[in-house]
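Before any comments, here is the structure.
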Amino acid sequence: MGGLAVEVKNVSRSYRRAERTIDVLRNLTTSLPSGSFTVLTGPSGAGKSTLLHLLGTLDRPTEGEILYDGRSLVKASDRELASFRNARIGFIFQFHHLLPEFTALENVLMPTWIAGGRENADRAKTLLGEVGLEHRLDHKPSELSGGEQQRVAVARALIMDPALLLADEPTGNLDSHTSLEVFTLLRTLSERQAMTCLVATHNEVLARMASRHLAMDDGVIVSATVT
Ligand SMILES: Nc1ncnc2c1ncn2[C@@H]1O[C@H](COP(=O)(O)OP(=O)(O)OP(=O)(O)O)[C@@H](O)[C@H]1O
Ligand SMILES: [Mg+2]
């Protein structure tokens, strides 16, 4: 089951503020091939997070549509979007949003509990092993370093075997060494599982390490490079 092929077609997102309309994304068109690993850069306010929210079905375009393996979700209900999202999409954010009362293992299992499916503790342990935390299963987030917390968040994002992984400044909060570790981990896992992956980052070093690079400014893609 490879990664989702994603096509963004003429997508705009505007916000109404009193009398004004703010156009945050402007007629944006791009695509993420199945299994590709892409970095998204651009100045603060360019619209990166807005685009990730739309791709993740957390928000809807004002105009245009996004196709997932050729399928449009424009007419999908909120409930249909939520079940699509939970089954197919993984998220990693700058701040890990781990639940403080739960252990690393429990945090990784949380999406399976929310989905109401069978919990797979062996799979969660395997994922925590892959991110180098097999010896930290029973630790609460407060007992882990920042990099370790973010690696738990990576494992949690992968527990449902997403076909599309969206990461919004996943290393924004980490030192340069740990950033490189987490980024390399994402890239390796994405390659191994043929998962489509989009990582927004301000880190130019990491951006240069990706074979596909989208640069945004002021609500549009200003360059798309494949090396
Ligand atoms: N709910 C909202 N209402 C009005 N404007 C918004 C709203 N959400 C975002 N914006 C505006 O959209 C623009 C793009 O925001 P976005 O968060 O996508 O930028 P970004 O590229 O992720 O920036 P950063 O690198 O700082 O995270 C900003 O100018 C922001 O003020
Ligand atoms: Mg952002």
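For Ser72, state whether it is polar (S, T, N, Q), surrounded by 15 or more Cβ atoms within 10 Å (Cβ to Cβ) and either closer than 25 Å to Ala153 by Cα or more than 16 Å from ligand 2 (Cβ to nearest atom) (or both). Answer is no for this residue.
Looking at the stretch 216-225, can you tell me whether even one residue there is at pLDDT 90 or above, charged (D, E, K, R), closer than 23 Å to Tyr68 by Cα and surrounded by fewer than 20 Cβ atoms within 10 Å (Cβ to Cβ)? Scanning the stretch 216-225 turns up no residue that is at pLDDT 90 or above, charged (D, E, K, R), closer than 23 Å to Tyr68 by Cα and surrounded by fewer than 20 Cβ atoms within 10 Å (Cβ to Cβ). Could you go through the stretch 94-108 and let me know if any residue there is of a type outside the set (D, E, K, R), within 16 Å of ligand 2 (Cβ to nearest atom) and loosely packed, with under 15 Cβ neighbours inside 10 Å. Checking the stretch 94-108: at least one residue is of a type outside the set (D, E, K, R), within 16 Å of ligand 2 (Cβ to nearest atom) and loosely packed, with under 15 Cβ neighbours inside 10 Å.
Please tell me if Arg26 is away from ligand 2 (no atom under 16 Å from the Cβ) and surrounded by 14 or more Cβ atoms within 10 Å (Cβ to Cβ).
Numbers: away from ligand 2 (no atom under 16 Å from the Cβ): yes; surrounded by 14 or more Cβ atoms within 10 Å (Cβ to Cβ): yes.
Yes, satisfied.
When every residue of the stretch 76-84 is checked against the conditions, none turns out to be among the small types (Gly, Ala, Ser), under 26 Å from Pro170 (Cα atoms) and within 11 Å of ligand 1 (Cβ to nearest atom).
Screening Ser44 on (1) farther than 26 Å from Arg192 by Cβ; (2) away from ligand 1 (no atom under 16 Å from the Cβ); (3) not hydrophobic (A, V, I, L, M, F, W, C) shows it passes everything except condition (2). Helices (runs of 4 or more DSSP H) fully within the stretch 1-115 that include at least 2 residues being hydroxyl-bearing (Ser, Thr, Tyr): 48-55.
The values are calculated or read from the model by the stated rules, or taken from the named source; none is laboratory data. Here the structure is a predicted model, which means the values were calculated and not measured. FYI the Cβ positions are ideal-geometry reconstructions off the backbone, even for glycines, and counts take in every protein chain you see.
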